[in-house]
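A short worksheet on the structure shown next.
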Amino acid sequence: MTTPGFRPTHVVPQDGMPAWEAPDPDRPTVPLDPLLPVELAERRGDWGRVVCANGWSAWVDGRRLVAVPHDPPGPGGPFGVGDPRPLLAHAEHALASYRVAVEDLAGGGIDRETFGHRTRGLRIGIVVDGESMWLYDAEQGRWVYADGSRTATYAADRAPRAPAGAGPGATREVPADGES
């Protein structure tokens, strides 16, 4: 359940990150999952106290957090013509696959190892705030902003890739909806 007023300011890096109960390396707690949206609530030097959507908080190395932009692109901003529906369909499919694996694990139909194999590689991220939506496009390694009909790349977690077979320095336009 999401805490009322939760507005993510950052996401956890794609490799996840360790967390602590206090800004003290001797008090570790549960590590944070990769690409988890969090709200940075407090800073003490390099330490940052983050709050998760469910209200749980922990201290992390604040330098490693990835900022999430707050403002959508303005008029004339960097919108693509991409349709957000393919990314939403991918997110729905990934979530449905994860849900089935959770049900199978909870029902005793599979063990933890099989659960790990079935969920390996599943990665989604969605933040919806009224008409604004941020979606993680795992295939392209980027977060996109969507206003319901258009998308715009907002942040990338890796450098753009050249098309297969292209020589050094080759570039290409990638449609905003992630389709190639």
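The values are calculated or read from the model by the stated rules, or taken from the named source; none is laboratory data. What you see is a predicted model; the values in this text were computed from it and never measured. Using ideal geometry, Cβ is built from the backbone for each residue, glycine included, and neighbour counts are taken over all protein chains shown. Accessible surface is based on the protein model in full, side chains and every heavy atom, while ligands, DNA and RNA are left aside. Shrake-Rupley method; radii C 1.70, N 1.55, O 1.52, S 1.80 Å.
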I need the full set of residues from region 35-47 which are open to solvent by less than 60 Å² (accessible area, probe 1.4 Å) and part of a loop (DSSP other than H, G, I, E, B), in order please. 35, 36
Just to be sure I understand, how many residues within region 54-70 are within 13 Å of the chain's Cα centre (by Cα), of a type in the set (A, V, I, L, M, F, W, C) and not in a strand (DSSP E or B)? 2
Complete set of residues in region 1-23 that are touching a strand residue (DSSP E or B) at 6+ places or on another chain (Cβ under 8 Å) and either among the aliphatic types (A, V, I, L, M) or loosely packed, with under 11 Cβ neighbours inside 10 Å (or both): 11, 12, 17, 19, 22
So which of 169, 148, 121 is exposed (fewer than 14 other Cβ atoms within 10 Å of the Cβ), part of a loop (DSSP other than H, G, I, E, B), modelled with pLDDT of 85 or more and of a type outside the set (A, V, I, L, M)? 121
Do we find a residue being crowded, with 18+ Cβ neighbours inside 10 Å, within 30 Å of residue 42 (Cβ to Cβ), in contact with a strand residue (DSSP E or B) (Cβ under 7 Å, 6 or more places away or on another chain) and modelled with pLDDT of 80 or more anywhere in region 68-77? no
